[in-house]
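In what follows, a single structure is set out as structure tokens and then discussed.
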There are 2 protein chains.
Amino acid sequence: MEVTLSRKEQIEKTATALFRKRGFSATSMRDLANELGIEAASIYSHIRSKEEILQRVCFRMANEFFEAIDKVDDPEATASARLQAAITAHVQVLTKNTEASAVFLYEWRHLSEPYHAEFLTLRDRYEKHFREIIKAGISIGEFKVPDEKFAVLTILSGLNWIHTWYKPDGKMNAEEIAANLATMLLNGLKQT
Amino acid sequence: MEVTLSRKEQIEKTATALFRKRGFSATSMRDLANELGIEAASIYSHIRSKEEILQRVCFRMANEFFEAIDKVDDPEATASARLQAAITAHVQVLTKNTEASAVFLYEWRHLSEPYHAEFLTLRDRYEKHFREIIKAGISIGEFKVPDEKFAVLTILSGLNWIHTWYKPDGKMNAEEIAANLATMLLNGLKQT
DNA sequence: CCTACCGATCGGTAGG
DNA sequence: CCTACCGATCGGTAGG
């Protein structure tokens with residue numbers, strides 16, 4: 001599936017790869033221009049600033065994560081089923097966008113205000129979704145956990161390394177990875 | 001316990017805090033000098049370069065992690081006991097050095113060669129220790145895991161978020177945190 | 001999309 | 001540990 005990208009999309013994609021490899025601060029507009037085969041000044045015909053690119057990547061990914069878990073959540077299901085679905089959705093987003101995921105996970109701190117604060121609000125709301133599921137599981141005795149926030153952060157970090165490792169043509173596909181991670185991480189909540 | 005730091009140690013400690021907060025590339029020597037209350041040029045009486053500080057932090061922490069797991073490993077013990085001990089040791093190092101841990105975990109990619117390659121070699125050797133324990137557990141049927149490397153990376157990332165959250169005066173102390181993490185993450189290996 | 005350029009800041013050195 | 005400074009590079013703009 002080859003898609004023709006607009007110049008703006010090309011810039012965003014190339015910048016994402018560079019931000020991921022070297023970090024936002026260590027990537028210069030001249031690095032980016034070089035990679036695109038144009039002059040640095042020309043980039044500004046398409047974007048307003050270096051940070052705007054970072055903003056677009058971070059908030060687009062935030063959106064992707066929200067949409068993915070909202071789509072699969074069924075509040076009627078058991079906590080285990082809901083958590084498994086959320087984990088699977090999260091892993092799908094990570095594996096479909098490994099570079100943008102890495103930028104989303106590690107470069108958001110270079111956002112200036114008010115974007116920085118807004119990003120943190122979104123991230124907290126996302127984690128809250130997981131906390132709610134775990135709380136529901138605790139209240140009906142399905143899970144046993146010392147602290148929901150603690151459990152959520154352990155689970156999400158246990159998922160978020162995937163971008164460093166995932167290859168589309170590796171021996172596990174996204175579904176298998178999600179299933180293995182869900183099994184490993186869900187079992188930990190069911191301690192007796 | 002107040003310790004008098006040498007100027008070099010003060011520089012390293014202050015730089016660690018800044019590298020953690022803003023990232024290595026976004027921290028300037030003038031930022032660091034400002035925080036220390038001296039001129040940027042004066043820093044160079046104590047260190048050779050900005051990168052030297054990063055090198056010292058990264059390799060000192062690598063050493064700390066190695067020493068910690070070597071000290072507690074007992075090859076005669078069960079795989080569960082060994083893994084639990086390794087997890088506890090790892091968490092101890094993380095909680096005792098939250099800022100340096102963050103730098104160790106996220107800023108090593110700004111190391112130049114040959115330090116960068118050496119760092120990756122050390123990190124792989126560290127992970128190998130965990131892989132060996134898991135392999136031993138698999139071979140005697142104590143663990144059931146699709147892929148050792150996969151399991152190790154899940155476990156280590158499930159631990160490595162702690163620096164973002166740990167407060168020495170929080171409601172859980174380092175031992176309780178380690179115990180909770182070990183329980184959550186070990187149960188995942190014992191699936192039937 | 002380019003040439004030409006801006007002021008600011010970077011890591012680091014010389015010399016005391 | 002400071003003053004004085006270096007060449008290089010930064011993000012970004014003017015004007016076409």
Next item on the list: May I ask you to report, in nm to one decimal and beginning with the shortest, the distances from residue B:52 to the same position in the other copies, taking label points 7 Å along Cα-to-Cβ?
Entry: 4.2
Check: In the neighborhood of residue A:19, defined by Cβ-to-Cβ distances under 9 Å, what is the net charge if each Lys or Arg adds +1 and each Asp or Glu adds -1?
Finding: +1
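About the Cα centre, and with charges only on the beta carbon of Lys, Arg (+1) and Asp, Glu (-1), how big is the dipole of the protein assembly as shown? Nearest 20 debye, please.
Numbers: 50 positive and 54 negative charges, 71 e Å.
Rounded to the nearest 20 debye, it is 340 debye.
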Next item on the list: Give the nm distances, rounded to one decimal, from residue A:141 to the matching residue in every other copy, measuring between label points 7 Å along Cα toward the beta carbon; shortest first.
Entry: 3.2
Next item on the list: State, to one decimal in nm and shortest first, how far the label point of residue B:76 sits from each corresponding label point in the other identical copies (label point: 7 angstrom along Cα-to-Cβ).
Entry: 5.9
Margin query: Using a Debye calculation, one point per C-alpha and no hydration shell, please list log10 I(q)/I(0) for the protein assembly as shown at q = 0.09, 0.11 Å⁻¹ in order.
Written below: -0.58, -0.88
Next item on the list: Would you mind listing how long the range A:73-128 runs along its three principal axes, going by Cα atoms, in whole Å with the largest first?
Entry: 40, 23, 11
Notebook entry, point to check: Counting only other chains, what is the mean number of Cβ atoms within 10 angstrom of the Cβ of each residue in peptide A:178-184?
Noted result: 5
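With +1 assigned to the C-beta of every Lys and Arg and -1 to the C-beta of every Asp and Glu, and no other charges, what is the dipole magnitude of the range B:50-188 about the Cα centre in debye, to the nearest 20?
Values: 16 positive and 21 negative charges, 50 e Å.
In total the dipole reaches around 240 debye.
Please sort by residue number the GluC sites (Glu not before Pro) in the range A:1-73 whose DSSP state is loop and whose Cβ has at most 12 other Cβ atoms within 10 Å. Don't skip to the end; give the middle numbers.
Working: sites: A:2, A:9, A:12, A:35, A:39, A:51, A:52, A:64, A:67; in loops: A:2, A:39.
Of the GluC sites (Glu not before Pro), the ones in loops of the range A:1-73 whose Cβ has at most 12 other Cβ atoms within 10 Å are A:2, A:39.
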Notebook entry, point to check: Under the definition of Cα pairs under 8 Å and six or more residues apart, what whole-number percent is the relative contact order of the range A:94-168?
Noted result: 46 percent
Next item on the list: Could you work out the per residue convex hull volume over the alpha carbons of the range B:41-140, in cubic angstrom?
Entry: 102 Å³
Next item on the list: List, in order, the whole-Hz ³J(HN,Hα) value for each residue of the range B:155-167 obtained from phi through the Karplus relation with A = 6.51, B = -1.76, C = 1.60 and θ = phi - 60°; use x for Gly and Pro.
Entry: 5, 4, 5, x, 9, 6, 7, 4, 4, 7, 10, 5, 10
Notebook entry, point to check: With the dipole of the range A:50-188 worked out from charges on the C-beta (+1 for Lys and Arg, -1 for Asp and Glu) around the Cα centre, which of A:188, A:53, A:111 lies farthest toward the positive end?
Noted result: A:188
Next item on the list: Note down the net charge around residue A:147, summing +1 for each Lys or Arg and -1 for each Asp or Glu among other residues with Cβ under 12 Å from its Cβ.
Entry: +3
Next item on the list: Evaluate the relative contact order of chain A (contact order divided by residue number), counting alpha-carbon pairs under 8 angstrom at least 6 apart; express in whole percent.
Entry: 23 percent
Checklist line | Computed label-point distance, nm, for sites residue B:41 and residue B:99 using a 7 Å Cα→Cβ extension | finding: 2.7 nm
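Show me the ranking of peptides A:92-102, A:19-29 by mean Cβ neighbours inside 10 Å, starting with the highest. If you can, show how the numbers build up before the last one.
Working: A:92-102: 20.4, A:19-29: 18.6.
The packing order, highest mean first, is A:92-102, A:19-29.
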Note to self: Over all directions, how big on average is the projection of the convex hull of the alpha-carbon atoms in the range A:81-192, in square nanometres?
What the structure shows: 7.3 nm²
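Shielding by partners for B:151-162, please: the mean number of other protein chain Cβ atoms within 10 Å of each residue's Cβ.
Numbers: counts 2, 0, 5, 9, 2, 3, 9, 12, 3, 4, 7, 4.
Average per residue, whole number: 5.
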Note to self: If I model a spin label at residue B:51 and residue B:34 as a point 7 Å from the Cα along the Cα→Cβ vector, what separation in nanometres do I get?
What the structure shows: 2.5 nm
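Normalised by the empirical 2.2 N^0.38 Å for globular proteins, what value does the Cα Rg of chain B take?
Values: Rg = 18.7 Å, N = 192, 2.2 N^0.38 = 16.2 Å.
Its radius of gyration relative to the 2.2 N^0.38 Å reference: 1.15.
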Notebook entry, point to check: What pairs from B:21/B:167; B:71/B:135; A:167/B:149; A:167/B:135; A:128/A:149; A:21/B:50 go past 18 Å between their alpha carbons?
Noted result: B:71/B:135; A:167/B:135; A:21/B:50
Check: Taking the Cα-to-Cβ direction at residue B:21 and at residue A:120 and moving 7 Å from each Cα, how far apart do the two end points lie in nm?
Finding: 1.3 nm
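Rule-based calculations on the coordinates, nothing more; no lab input. Note that the structure is a prediction, hence the values are computed from the model and not measured. Using ideal geometry, Cβ is built from the backbone for each residue, glycine included, and neighbour counts are taken over all protein chains shown.
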